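Reading through the structure tokens given below for one structure.
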Amino acid sequence: MATIFGTAIRRREDPRLITGRATYTDDIRLPGMVYAAFLRSPHAHARIKRIDTSRARALPGVLAVFTGMDVAGKLGNIPTAWLVPNSDLKTPAHPPLATEKVRYVGDGVAMVVAEDRYTARDAVELIEVEYEVLPAVVDQEKAVQDGAPQVHDDVPRNIAFVWRAGGGDPDRAIQEAEVVVRQRIRNHRLIPSAMETRGAVAQFNPASGEMTVWLTSQNPHIHRVLMSGVLGIPEHKLRIVAPEVGGGFGSKIPFYPDEALVAFAARQLGRPVKWSEERRENYVATTHGRDHIQDVVLAGRRDGTLTAIKVKALANLGAYLSTAAPGVPTILFGLMLQGAYRIPNVGVEVVGVLTNTTPIDAYRGAGRPEATYIIERMVDLFAREVGMDPAEVRRRNFIPSDAFPYNVPTGLTYDSGNYAGAFDKALEAVDYEGLRRQQQELRKQGRYLGIGLASYVEICGLGPSQVAGAVGFQGGLWDSALVRVHPTGKVTVYTGTSPHGQGEETTFAQIVAQELGIPVDDIEVVHGDTGSISMGWGTYGSRTTPVGGSAVALAARRVVEKARKVAAHLLEAAEQDIVFEDGRFYVKGSADRSRSFQEVALQAYLAWNLPPDIEPSLEASAFYDPANFVYPFGTHVAVVEVDAATGRVKLLRYMAVDDCGRVINPMIVDGQVHGGVVQGIGQALWEEAVYDENGQLLTGSMLDYALPRAHMVLPIETDRTETPAPQNPLGVKGVGETGTIAATPAVVNAVLDALQPLGVRYLDMPLIPQKIWAAIHRQ
Ligand code: MCN
């Protein structure tokens, strides 16, 4: 069979994206549409004493002004969808607009709806609010101390949950270890910064009671369920459409108050309502990521064998529990702390802390970058402690390729892997030994070359549903597909996933083209619309391909099975004698007796010559719930030079060897790795969300928040190994987050490797020149 799977065909979504012809939420214009704008709190923590909306209401063009009290009782509170079992989880109420107190800069205080955007924003400025400013707490370590300001009265010490996991006996192993390395690590707060900010357009039809909401969403079906509850509109009367979405990186998973309020206003006013977030608003009102303080102990033997890891993490959750927030620092972080290594004793405790800051939720990698950063930084510190090359320590401890499926102490089962294989390939590609020699030479000249390694394994392809349920997710994690063959043999594929830049319109068409033996151009992929497919769980956790793509493959295979029956009837042969190859059904042994897939499709619709037990038409659906997660892995190598005089880091080389199982489209996989790596480098070297102690976000715009730009990075080299995923029908693992997970420790390891002769043992990210310079000169 011709291979379309594995071919680098160009992304079919790109022509419309790069010629400005795609339709994003803000491009939607409806007759009679009016515009919403929000008044947001300028204080991190304050009591609302009085709100006067009269001047705003009086402004010509203003249709309505809603405060927290106006919507109280008419709209439900904003729910979280992830609970943490056995953790005494507190879920403080999250009203859609603040009623008594504001809890972070950006918290919604009022919504204005006006005939145009400008009037709406002018009216926002006319709302008068009297605040009683309260002391704020920003830092999670301070938040849990006695006497700290209370973010919510019903969450003592601001602790939302305490969660523990692990296996073996880490305390004993640490006590008995020959070598114990301790380190406090700060994995700082990041701002996802998707190119398109959030937005919504809502239209209510009072005649039918139907509400349609166009939404910047990574998971429209989840948003439909949650919005249905908050608005009190039955699910079958609510349609959520994610049109083109300009990046999400996790920040468009959560269910935010703003979108529910826009829908509420549309219903109240009987007019379509649009809201588009501004960039500054996006920086305070859209979720942030990471923000952990971790105390880490790694123990082992002098020969380089690792025996135990123990982590206590304080995870900042921000002011409210966002939709997936409790899941990120628990299962996606705590269960992955052993990384790619055979470490028999693992212990983790995570304290989820509420503070007067923007809520934290998933950001590309979500939990796994934080875990990988710990283990990969600690392995380097351990290597330094025992006087071994960090490559050697890794090699000594990798889970061997013949040990899979492999049960790790935290209870997960890694599906398949060849960690040493990817590692060797990466080191060979950069000539690791040669680089080490070059490093020695350069040091003699006072130049500081650094080589950083990061070997990662990550958990993705979320579900399976059973496990997700057991760890607190209030939903399923399967996915669905409908493959509809039209009478002419053209195909529409409907998926319950909701890609927003990842390229599945192309790769899912490749899957179907491969299964049905028809041209890719004959296949259309439809996603992101609750009106087109009954249910699905969206795009995040690099699940779209392993879970949604598997559903697509299974549905396509069901189509082939039905078509085979029709073909057998047409060819007057037994079904078991029909061979399907390259898009044709043949009678085994007689190549001249055949029908094309398209001919069979037509007959399935004409239906005048179908076998008696076959219904007309040709389509099939599948609901696929994986038996396990998938565990991609790989090794990334960063090479840098640090200028000791200025502290500046120059990136010299970046090599990524990833294994995401069987590859559908190598060009798209490379693109995902490139994007992810750049985000990882961004965290390592530049990006940081900074608050002052009053809870004001100091990095509240792209002028202050240092996103990487093209000239700041370097061409990224990629290669792969291919270890199929044993559990899904395509053998695929996800790749959407691997770059972000591996790049941060690779780059930081490289910089600290460079600084070794200057006596710098440890630095927290981001490694900006001032910090490096100060560390060098303090010695
Ligand atoms: N792919 C492939 N072969 C494989 C695995 C994947 O060809 N073995 C292809 C897929 O078919 C798809 C792409 O690679 O075209 C990524 O697929 P997958 O790994 O399934 O990841 P998801 O589609 O589920 O994407 C989610 C992931 C996450 S969690 C974040 S965050 C992220 C990311 O993807 N956000 C992104 N990549 C992004 N890319 C863009 N442009 N915008 C975002 O917001």
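Would a scan of segment 566-576 turn up a residue that is within 16 Å of the ligand (Cβ to nearest atom) and polar (S, T, N, Q)?
Let us first name the residues in segment 566-576 that are within 16 Å of the ligand (Cβ to nearest atom), namely none.
Scanning segment 566-576, I find no residue that is within 16 Å of the ligand (Cβ to nearest atom) and polar (S, T, N, Q), so the answer is no.
Restricting to segment 481-491, what's the tally of residues that are more than 15 Å from the ligand (Cβ to nearest atom), outside any loop (DSSP other than H, G, I, E, B) and either touching a residue at least 40 places away in the same chain (Cβ under 8 Å) or in contact with a Ser or Thr (Cβ under 9 Å, 6 or more places away or on another chain) (or both)? Outline the logic, then answer.
Step one: of segment 481-491, the residues more than 15 Å from the ligand (Cβ to nearest atom) are 482-491.
Filter once more, keeping what is outside any loop (DSSP other than H, G, I, E, B): 482-485, 491.
Those left that are additionally either touching a residue at least 40 places away in the same chain (Cβ under 8 Å) or in contact with a Ser or Thr (Cβ under 9 Å, 6 or more places away or on another chain) (or both): 482-485.
The number of residues fulfilling the criteria is 4.
If you go through segment 350-406 and keep only what is away from the ligand (no atom under 16 Å from the Cβ), of a type in the set (Lys, Arg) and either closer than 26 Å to residue 659 by Cβ or outside any helix (DSSP H, G or I) (or both), you end up with 377, 394, 395, 396.
Answer with yes or no whether residue 114 is surrounded by fewer than 22 Cβ atoms within 10 Å (Cβ to Cβ), hydrophobic (A, V, I, L, M, F, W, C) and more than 32 Å from the chain's Cα centre (by Cα). Break it down into steps so the answer makes sense when it comes.
On the way: surrounded by fewer than 22 Cβ atoms within 10 Å (Cβ to Cβ): no; hydrophobic (A, V, I, L, M, F, W, C): yes; more than 32 Å from the chain's Cα centre (by Cα): yes.
Considered against the rule, which asks whether it is surrounded by fewer than 22 Cβ atoms within 10 Å (Cβ to Cβ), hydrophobic (A, V, I, L, M, F, W, C) and more than 32 Å from the chain's Cα centre (by Cα), residue 114 comes out as no.
Only one entry in 346, 386, 351, 379 is under 22 Å from the mean Cα position of the chain (by Cα) and of a type in the set (A, V, I, L, M), namely 351.
The criterion of being near the ligand (Cβ under 10 Å from one of its atoms) and either under 30 Å from residue 444 (Cβ atoms) or among the basic types (Lys, Arg) (or both) does not hold for residue 761.
Selection over segment 528-539 of residues that are without any contact (Cβ under 8 Å) to a residue 60 or more places away in the chain and either touching a Phe, Trp or Tyr at 6+ places or on another chain (Cβ under 6 Å) or surrounded by 24 or more Cβ atoms within 10 Å (Cβ to Cβ) (or both) gives a count of 2.
Here's the yes/no breakdown for (1) assigned to a helix (DSSP H, G or I); (2) more than 18 Å from residue 218 (Cα to Cα); (3) within 19 Å of the chain's Cα centre (by Cα):
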position	(1), (2), (3)
512	yes, yes, no
531	no, no, no
535	no, no, no
540	no, no, yes
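In segment 75-88, what residues are modelled with pLDDT of 90 or more and either under 15 Å from residue 470 (Cα atoms) or over 25 Å from the mean Cα position of the chain (by Cα) (or both)?
Going through segment 75-88, the residues modelled with pLDDT of 90 or more turn out to be 75-84, 87-88.
75, 76, 81, 82, 83, 84, 87, 88, listed by residue number.
Note on segment 623-738: enclosed strands (runs of 3 or more DSSP E) holding 3 or more residues that are surrounded by 24 or more Cβ atoms within 10 Å (Cβ to Cβ) are 633-642, 649-659.
So in segment 126-154, with the set limited to residues that are of a type in the set (S, T, N, Q) and without any contact (Cβ under 8 Å) to a residue 60 or more places away in the chain, which one is surrounded by the most Cβ atoms within 10 Å (Cβ to Cβ)?
Keep residues of segment 126-154 that are of a type in the set (S, T, N, Q), which gives 140, 145, 150.
Keeping just the survivors that are without any contact (Cβ under 8 Å) to a residue 60 or more places away in the chain gives 145, 150.
On the way: 145: 11, 150: 17.
Looking at residues that are of a type in the set (S, T, N, Q) and without any contact (Cβ under 8 Å) to a residue 60 or more places away in the chain, I get 150.
Considering each residue of segment 449-461 in turn, none proves to be surrounded by fewer than 18 Cβ atoms within 10 Å (Cβ to Cβ) and modelled with pLDDT of 95 or more.
Taking the numbered list (1) within 16 Å of the ligand (Cβ to nearest atom); (2) surrounded by fewer than 24 Cβ atoms within 10 Å (Cβ to Cβ); (3) within 17 Å of residue 679 (Cβ to Cβ); (4) not small (Gly, Ala, Ser) in turn, residue 766 passes all entries but (1). Confirm whether residue 69 is surrounded by fewer than 16 Cβ atoms within 10 Å (Cβ to Cβ) and not charged (D, E, K, R). When the stated conditions are applied, residue 69 passes them.
Keeping to segment 411-433, report how many residues are of a type outside the set (Gly, Ala, Ser) and over 16 Å from residue 456 (Cβ atoms). Residues meeting the conditions: 6.
The residue pairs whose first member lies in segment 268-285 and is free of Cβ contacts under 8 Å to residues at least 24 places away in the same chain and part of a loop (DSSP other than H, G, I, E, B), whose second member is of a type in the set (Lys, Arg) and crowded, with 22+ Cβ neighbours inside 10 Å, and whose beta carbons are closer than 7 Å, counting only pairs six or more residues apart or on different chains, do not exist in this structure. Scoring residue 523 on the criteria (1) more than 16 Å from the ligand (Cβ to nearest atom); (2) more than 26 Å from the chain's Cα centre (by Cα) leaves a single failure, condition (1). If we scan segment 440-459, do we find a residue that is in contact (Cβ under 8 Å) with a residue 12 or more places away in the chain, of a type in the set (Phe, Trp, Tyr), part of a strand (DSSP E or B) and within 15 Å of the ligand (Cβ to nearest atom)? For segment 440-459, residues in contact (Cβ under 8 Å) with a residue 12 or more places away in the chain, of a type in the set (Phe, Trp, Tyr), part of a strand (DSSP E or B) and within 15 Å of the ligand (Cβ to nearest atom): present. Checking each residue in segment 494-508 for being more than 8 Å from the ligand (Cβ to nearest atom) and either buried (at least 24 other Cβ atoms within 10 Å of the Cβ) or assigned to a loop (DSSP other than H, G, I, E, B) (or both) picks out 495, 496, 498. Got at least one residue in segment 413-422 being within 16 Å of the ligand (Cβ to nearest atom), part of a loop (DSSP other than H, G, I, E, B) and crowded, with 24+ Cβ neighbours inside 10 Å? Yes: one or more hits. Taking segment 1-110 and the strands (runs of 3 or more DSSP E) fully enclosed by it, the elements with 3 or more residues that are in contact (Cβ under 8 Å) with a residue 40 or more places away in the chain and not aliphatic (A, V, I, L, M) are at 34-40, 46-52.
Here the condition is being in contact with a Ser or Thr (Cβ under 9 Å, 6 or more places away or on another chain) and in contact (Cβ under 8 Å) with a residue 40 or more places away in the chain; of 583, 647, it holds for 583 alone.
The values are calculated or read from the model by the stated rules, or taken from the named source; none is laboratory data. Because the structure is a prediction, the values reported are computed rather than measured. Positions of Cβ are backbone-derived with ideal geometry, glycine not excepted, and every protein chain shown enters the neighbour counts.
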